[in-house]
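Taking it in order: structure first as structure tokens, then the write-up.
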Amino acid sequence: MKEAQRIQKSRKTKETDIALELLLYGKGSGHIQSGIGFFDHMLEALSKHALLDLTLQCKGDVYVDGHHSIEDCGILLGQAFKEAIYPAAGIERFGNASVVMDEACAECDIDVSNRAFLVFDTHAYKLPFKGMVGSLDVELVEEFFRALCFNANLSVHIVLKRGKNLHHIIEAIFKAFGVALRRALHPNPRICIPSTKGVL
């Protein structure tokens, strides 16, 4: 297992100015200021259930919409995860969680594989997966996880099992990702390199 260290990263474009600090094996403390309230709430929930410490400040062009801010937060957080995790050793590698939020239930499966992939399946929601929850555009949830996974080199399957309320669905998704990530990164001293290839 890699020695726990605080990762500090920043990203500045014409659209966003983001700074974050990540401690992968923390206490579940999230201090988020993105300019998008419900997104802040979701990153705080992710931090809590992944037991990581995350401080993130984003100044973005939310007067346009939230796309640039949320995607760029995913990019930067993914880069921080990649730096904190790899080369991976002494961890479980695979993690799974189903999280219930009232009528909603979302499942997340993670492979800390050093290969990027995302399945984001919300077909159980019978309507188009669109709309607003507070100031969060629902379509940007998938954009966030795609940016995160492809920059962190994580293989992730997120599947909505059931749900009607978009607030509940999105919260279940973020919490399921957090729990699955915590389980995948759980230290296991019996495992050296969790791959028959001998390297991740």
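What the table shows:
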item: Sites matching GluC sites (Glu not before Pro) across segment 133-175 that sit in DSSP coil, with at most 10 neighbouring C-beta atoms within 10 Å; result: none
item: Full-stretch length increase - PHE150, ASN188 - with 0.36 nm per residue and alpha-carbon distance subtracted; result: 11.1 nm
item: Of all accessible heavy-atom area on the chain, the percent that carbon and sulfur account for (1.4 Å); result: 51 percent
item: Two-site label geometry, TYR86 and LYS126: point separation in nm, points 7 Å out along Cα→Cβ; result: 4.3 nm
item: Long pairs among LYS9/LYS48; LYS27/LYS197; LYS82/LYS175, criterion Cα-Cα beyond 26 Å; result: LYS27/LYS197
item: Rounded Å value of the spacing that divides the Cα centres of segment 60-124 and segment 146-161; result: 4 Å
item: The chain: relative contact order as a whole-number percent, Cα under 8 Å and 6+ apart; result: 27 percent
item: Of the trypsin sites (Lys or Arg not before Pro) in segment 98-200, those whose Cβ has at most 16 other Cβ within 10 Å and which sit in DSSP loop; result: ARG115, LYS126, LYS130, LYS164, ARG190, LYS197
item: Mean ellipticity per residue at 222 nm, deg cm²/dmol - from DSSP H runs of n ≥ 4 across the chain, formula -39500 (n - 2.57); result: -11000 deg cm²/dmol
item: Global size of segment 6-185 as Cα Rg and Dmax, reported in angstrom; result: 15.0, 45
item: Per-peptide average of other Cβ atoms within 10 Å, ordering 34-42, 57-65, 5-13 highest first; result: 34-42, 57-65, 5-13
item: Projected label distance in nm at VAL119 and LYS27, using a 7 Å step from Cα toward the beta-carbon; result: 3.8 nm
item: Segment 27-44 residues near the modelled LYS59 label - backbone nitrogen below 11 Å, point 7 Å along Cα→Cβ; result: none
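The values are calculated or read from the model by the stated rules, or taken from the named source; none is laboratory data. Everything numeric in this text was worked out from a predicted model, so none of it was measured. Neighbour counts are summed over all protein chains in view; Cβ atoms, including those assigned to glycine, are modelled from backbone coordinates with ideal geometry. Surface accessibility is based on the protein's heavy atoms, side chains included, excluding ligands, DNA and RNA. Shrake-Rupley method; radii C 1.70, N 1.55, O 1.52, S 1.80 Å.
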